[in-house]
1. Which of the cysteines in chain A are isolated, no other cysteine C-beta under 4.7 Å?
2. In terms of Cα to Cα distance under 19 Å, which aspartates and glutamates are near enough to A:K166, apart from those fewer than 8 places away along the same chain?
3. Hey, which lysines would be in cross-link range of A:K107, C-alpha to C-alpha under 26 Å, not counting anything within fewer than 8 residues on its own chain?
4. Going by alpha carbons, how many degrees (0 to 90, nearest 10) lie between the helix axis of B:325-342 and the longest principal axis of chain B?
5. From the phi of every residue in region B:534-546, what ³J(HN,Hα) in whole Hz does the Karplus formula 6.51 cos²θ - 1.76 cosθ + 1.60 yield, where θ is phi - 60° and glycine or proline is x?
6. In degrees from 0 to 90, rounded to the nearest 10, what is the angle of the helix A:138-151 Cα long axis to the longest principal axis of chain A?
7. Given Cα pairs under 8 Å that are at least 6 residues apart, what percent is the relative contact order of chain A?
8. Could you go through region B:241-246 in sequence order and give the Karplus-derived ³J(HN,Hα) for each residue, using 6.51 cos²θ - 1.76 cosθ + 1.60 with θ = phi - 60°, rounded to whole Hz, and x for Gly and Pro?
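None of the figures in this text is laboratory data; all of them are computed from the coordinates on show. Treat the numbers as computed from the prediction; the structure is a model and nothing was measured. As a convention, Cβ positions derive from the backbone with ideal geometry for all residues, glycine included, and neighbour counts pool all protein chains shown.
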Amino acid sequence: MKGVIFNLLQEVVSATHGADAWDDILDEAGVSGAYTSLGSYDDEEWETLVETASARLSLSRGELLRWFGQEAMPHLARAYPVFFEGHVSSRSFLAGVNDIIHAEVHKLYAGAACPHLKLRAIDAGGVAMAYTSQRRMCALAQGFTEGAARQFHEVITFEHAACVEKGDSACVFHIGWPSLEAAAND
Amino acid sequence: MTSAVIPFSPAQVEAASDREARIARLERRLSRELLARREAEAIAEAATHRLYRQGERMRLLADLALEANRSDDLDTVLRAALRAIGSQTGWPVGHVQLVETDAAAMDWLQPTALWLAPPDMDIVALRRATTPRRAQIGGGVLGQVMRLRGACSIESLASCPAERRRAASALGLNQGVGFPILVGDEIAAVVEFFHDHGRGPDAETLAFLDQVGAVLGRAFERRRAERAAQEARARLEESLAAAEAASRAKTHLLAVASHEVRTPLNAVLGLAEVLARSPLDATQREHVDGVRQAGGMLLRLLSSVLDFARIESGATPLVPTPFNLADLAREVTGVWRAAAGAAQLDLQLDLSACPDPCWISADSGKIEQTLTNLVSNAIKFTPAGGKILVRVETTPSAAPTFRIVVEDSGAGVPAEDIDRIFDPFQQAALGREAGGAGLGLAICAANLRAMGGDIGYQPAPERGSQFWFSFVAEAVDAQAEPAPVDALTDLPLRILAAEDNPANQRVLRLLLEQVGITPTVVEDGAAAVEAARSTPFDLILMDANMPRMDGPSAVEAIRALGIGKDRTPIVMLTANVFEDDVRRYRAAGADGVLAKPLAVAELYAVLAEVQNRVAGEGLEPFPI
């Protein structure tokens, strides 16, 4: 896992629960806690952190990841404003994640293993997003999606139509933009 | 006064431990940040180093690619590669071995003179230990490269041939790296390095060496392509030389054949000429004229083949003489008027745009031949009832351009034939029907090329063809017309004639007797020399091909005698009249050439010239 995600979790936890809470999580998890955005760290270390943070914040792993995704979006927007420029909706922003944002991530962080997102337009302006990642962090993807919608001041519907956690072969999200659909129908 | 000891309140105690805990927490946080910063710096430095190394490698590849494209010498490119890799990796010794396939299809690694080594390192023993070896057999880095077909390295030279290993070890070199130079799938050469760096090259370096191998492969490919092109060029030149030799052989064959045909034709035409000058009744005269006409036609056909042979051999000499162009046009149209009449064609000559007389200096033979061909074609291809107009035009100036147009009212040249009518053997459909050799217009075109002129075709304004040719010629003063040869009688000339063919001897004797000359006739060159030594002559007529001594040798021998106050004119009488032959005769000392079959008028013109000379009227040198 790239150090930039560890840094982002630190920022989100510190901003919401204070820097001490992050220190405590690190101490409890028994990890080094020294993360640089350029570095790469074991996935196990990440999982330990997530597990410890979940316990500390009384959330399940999925809830923690979803919350982290939602809360991380403003931090990402501050750190990488260029990714958000030119978009007026989270719909077009999401459409560019795989080909534009992840492509840039690969340039910056050699060896980054980004999840693969495959988008397909479905009826009434919504999209079906297939999520493929070896790290089983579909909840984080949901959180990021919801965070992006919030970033664009939009309300979306998010249905986790299929999930590897439930025994499906892949995760599929159905995402809708009621306000865009209503505007299109007017 | 008692000092009051104010104990810490529990809150204060708690606050102090909180502070310590806080400080400890902050210290931990700081140490994490420090760690993270150092790690980030290490990552950045490694990335910078990697970028630098990649940049250097890119530069090296670009330099090698440039060198491979620019240099004609493969060794220069390979030396540059050895130096560049050596300086980038620090590997001190390198060498290139070529892969060569023997007759039994076995690949061999052949050492080359391409070595890299520091100036102070003595690698003589290593070079000596590097001998040709079978490519797929054996260990060491070479064997591994051949097997894996890619760059590889070995930590120890244990698997190398013992002598090489010892020689390398003596230099402190115990590890090897090698990579193939690939041309397509084929290994053209292997580059090897020796070093003692402990750790071998990483995967990235090996991949880079493979890239270098690919770039060098392009240089090998280019050299192979150049060699193939050279071989193809050599083969082409060989074929060209063979074709030229064949062409020369053909020309030679034509020359021999022309001689063979001209000799008997000379007798036929000469005897017919003699016969025509004897008293004959009307029927006999008609028969003799028939023989003369048919013989003349045969002679023209022979001339056209010979002309073409000359064109092919590139020998179409320009012989400018002063003549009256208007007369020439009149003569040619006059000669063909009968044929045109027989074909119910109206042949007209228009001299309104040309001064008359029109004396110029040009190759009258070529102009006559060209005009004759065009007029004869027009007669051949114009249907009965048609018209043929020959027009001579000129622009007045010191070196005027003349343009002669032959216009007919025939069918014209089909569009698909226009581009090739002036090429040899390219007959238009009508020409094939008419049974021509397909040489006429090609000869005309060659004539005009030799004269620096131009020839062309365009459809006539209304119907039919317009063939034209133009040339630049110098205007000259009017010349005296030659005396009519028939005026010659009883010439008191002493003539020696060397001729081995009895029929030709007879023709010559008869023609000369008609003007009152009894020649001394001998059968070969040696006899001619003998006769010239013992008897003075006014003119020597010399055949070229004779037994015992040929004509040119006899001329040389006679010239060597140095007989007479003024040297006796010698005129060659021969069927061999190619440019090369004429040059040979002149070099031997001959003054002129009369072609066989003999044109009586030409022979008599020579006699008149000699007569003038003997009579002291003209002491000018004999015209060549």
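1. A:C114, A:C163
2. A:E63
3. A:K2, A:K118
4. That helix lies at roughly 80 degrees to the long axis.
5. Calculated HN-Hα couplings, in order: 8, 10, x, 10, 8, 7, 10, 9, 10, 6, 8, 9, 9 Hz.
6. The helix A:138-151 is inclined about 70 degrees to chain A.
7. Values: 246 pairs, mean separation 37.3, N = 186.
The normalised contact order for chain A reaches 20 percent.
8. Along region B:241-246, the couplings run 4, 5, 5, 5, 5, 4 Hz.
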